[in-house]
1. Could you tell me which residue of the range 72-104 is nearest to Thr18 (Cα to Cα), considering only residues that are part of a loop (DSSP other than H, G, I, E, B) and small (Gly, Ala, Ser)?
2. Based on this model, can you work out whether Gly85 counts as under 14 Å from the mean Cα position of the chain (by Cα), surrounded by 14 or more Cβ atoms within 10 Å (Cβ to Cβ) and touching a residue at least 40 places away in the same chain (Cβ under 8 Å)?
3. Just to be sure, is His12 within 11 Å of the chain's Cα centre (by Cα) and without any contact (Cβ under 8 Å) to a residue 24 or more places away in the chain?
4. Please give the number of the condition Ala49 fails out of (1) under 12 Å from Phe100 (Cα atoms); (2) touching a strand residue (DSSP E or B) at 6+ places or on another chain (Cβ under 8 Å).
5. Would you check which residues across the range 24-53 are surrounded by 15 or more Cβ atoms within 10 Å (Cβ to Cβ), touching a residue at least 60 places away in the same chain (Cβ under 8 Å) and not in a helix (DSSP H, G or I) and list them?
6. Being within 12 Å of Thr82 (Cβ to Cβ), in contact with a Leu (Cβ under 6 Å, 6 or more places away or on another chain) and charged (D, E, K, R) is the filter here, so list the residues in the range 1-48 that pass it.
7. Could you run through the range 60-69 and say how many residues are farther than 20 Å from Asn89 by Cβ and either out of contact with any helix residue (DSSP H, G or I) (no Cβ under 7 Å at 6 or more places or on another chain) or touching a residue at least 12 places away in the same chain (Cβ under 8 Å) (or both)?
8. Take the range 3-40 and flag every residue that is at pLDDT below 95 and in contact with a strand residue (DSSP E or B) (Cβ under 7 Å, 6 or more places away or on another chain).
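The values are calculated or read from the model by the stated rules, or taken from the named source; none is laboratory data. Everything numeric here is computed off the predicted structure, so don't read it as measured data. Neighbour counts are summed over all protein chains in view; Cβ atoms, including those assigned to glycine, are modelled from backbone coordinates with ideal geometry.
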Amino acid sequence: MNAEISYVARQHSRDMATKNVTFSHDGFDNRAKAVGKTIPYRSFAENLAYIKGYPDLAEVAVKGWINSPGHRKNMEGNFNLTGVGIAKNSDGEYYFTQLFLLQR
């Protein structure tokens, strides 16, 4: 787990939780550029999850990603660094962002 990548992931989760941005991959290129300023990379990927009403939030998020071919591809991809960010809003909604990169 990389602290800098997690910071960028956490920022996106916070932005989604506070409705500054929609639940989407919009701004992906900006997150890649933010990480790339200090960590040179060859490839970069992102998984997102939105969860409410489950006791085991992280388990639900990860199982959802595993059961989704595109998300699973990122998890099993050729990446060597990752970071995760989670944010909760006042409605009890949790937003997860996981970033993956292959460092140069």
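1. In the first step, residues of the range 72-104 are kept if they are part of a loop (DSSP other than H, G, I, E, B); the result is 76-80, 89-93, 104.
If we keep only those that are small (Gly, Ala, Ser) as well, we get 77, 90, 92.
Numbers: Gly77: 30, Ser90: 9, Gly92: 11 Å.
Only one residue tops the list, namely Ser90.
2. Details: under 14 Å from the mean Cα position of the chain (by Cα): yes; surrounded by 14 or more Cβ atoms within 10 Å (Cβ to Cβ): yes; touching a residue at least 40 places away in the same chain (Cβ under 8 Å): yes.
Taking the combined requirement at face value, the residue satisfies it.
3. no
4. (1)
5. Residues satisfying the conditions are Ile39, Tyr41.
6. Glu46
7. Step one: filter the range 60-69 for residues farther than 20 Å from Asn89 by Cβ, giving 62-63, 65-69.
With the extra rule that they be either out of contact with any helix residue (DSSP H, G or I) (no Cβ under 7 Å at 6 or more places or on another chain) or touching a residue at least 12 places away in the same chain (Cβ under 8 Å) (or both), the set shrinks to 62-63, 65, 67-69.
Looking only at that region, the number is 6.
8. Result: Phe23, His25, Phe28.
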